[in-house]
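Single-structure report; data block below.
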Amino acid sequence: AGSALPYAVPADAGDYAPELLACMRTRRGAQASCAMALLKSVGPKAKKRLGLIGEALKDPDPVIRVYAAAALGRIATKAAVEPLAAALKDPVPGVRAAAAKALGDVGPAAKKALTALRAAGQDADPEVAQAARAAAKKVGA
């Protein structure tokens, strides 16, 4: 999931999650944008950074929360389900939509989140509702 990057992503990008999150928080133009794209590109090998990336779902900056949700979806492990399900209640619609899509990316391992996804499928924001319904189908509803 996620858009292709115009450069090679190191296989160990997840090892740099703390640095990527710190860079994102600087909000310095291209540097922060690059860090956000790298964090979003993190995949299953970043499982050891799951807790740190999950904590980023509580960051005050909604952009960081969106990228953290995308990263958790790419890690695609059961341990990502609980923080992503909680993010379905974020006050920012874009974060809720990103969390729903990420749960869909986790797939059948996210069955514990079906109730939360069904509720989000009724969200007042159409993007959130559509993402949640699509994710519920991928998860196995």
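The values are calculated or read from the model by the stated rules, or taken from the named source; none is laboratory data. Values in this document were obtained by computation on a predicted structure and should not be read as measured data. Every residue, glycine as well, gets a Cβ built from its backbone with ideal geometry; the counts of neighbours run over all protein chains shown. Just the protein is used for accessible areas: all its heavy atoms, side chains included, with ligands, DNA and RNA removed. Shrake-Rupley method; radii C 1.70, N 1.55, O 1.52, S 1.80 Å.
Restricting attention to the range 115-128, the residues that are under 10 Å from residue 93 (Cβ atoms) and not acidic (Asp, Glu) add up to 3. Here residue 93 meets the list (1) farther than 22 Å from residue 50 by Cα; (2) touching a residue at least 60 places away in the same chain (Cβ under 8 Å); (3) of a type outside the set (Gly, Ala, Ser) almost entirely, failing just condition (2). Cβ-Cβ contacts under 6 Å between residues 6 or more apart (or on different chains), taken from a first residue in the range 77-89 that is in contact (Cβ under 8 Å) with a residue 40 or more places away in the chain to a second residue that is surrounded by 14 or more Cβ atoms within 10 Å (Cβ to Cβ) and not small (Gly, Ala, Ser), are listed as 88/96. For residues that are free of Cβ contacts under 8 Å to residues at least 24 places away in the same chain and outside any helix (DSSP H, G or I), scanning just the range 122-138, find the one that is most open to solvent (accessible area, probe 1.4 Å). Taking the candidates together, the pick is 122. Against the test of being open to solvent by 30 Å² or more (accessible area, probe 1.4 Å), of a type in the set (A, V, I, L, M), over 17 Å from residue 134 (Cα atoms) and modelled with pLDDT under 75, the options 79, 30 yield a single qualifying residue, 30.
The number of residues in the range 121-135 being closer than 20 Å to residue 77 by Cβ and more than 16 Å from the chain's Cα centre (by Cα) comes to 0. Looking only at residues in the range 82-107 that are within 11 Å of the chain's Cα centre (by Cα) and β-branched (Val, Ile, Thr), which one is modelled with the lowest pLDDT? Taking the candidates together, the pick is 106.
Residue check: is residue 52 surrounded by fewer than 22 Cβ atoms within 10 Å (Cβ to Cβ), aliphatic (A, V, I, L, M) and more than 9 Å from the chain's Cα centre (by Cα)? It is true that residue 52 is surrounded by fewer than 22 Cβ atoms within 10 Å (Cβ to Cβ), aliphatic (A, V, I, L, M) and more than 9 Å from the chain's Cα centre (by Cα).
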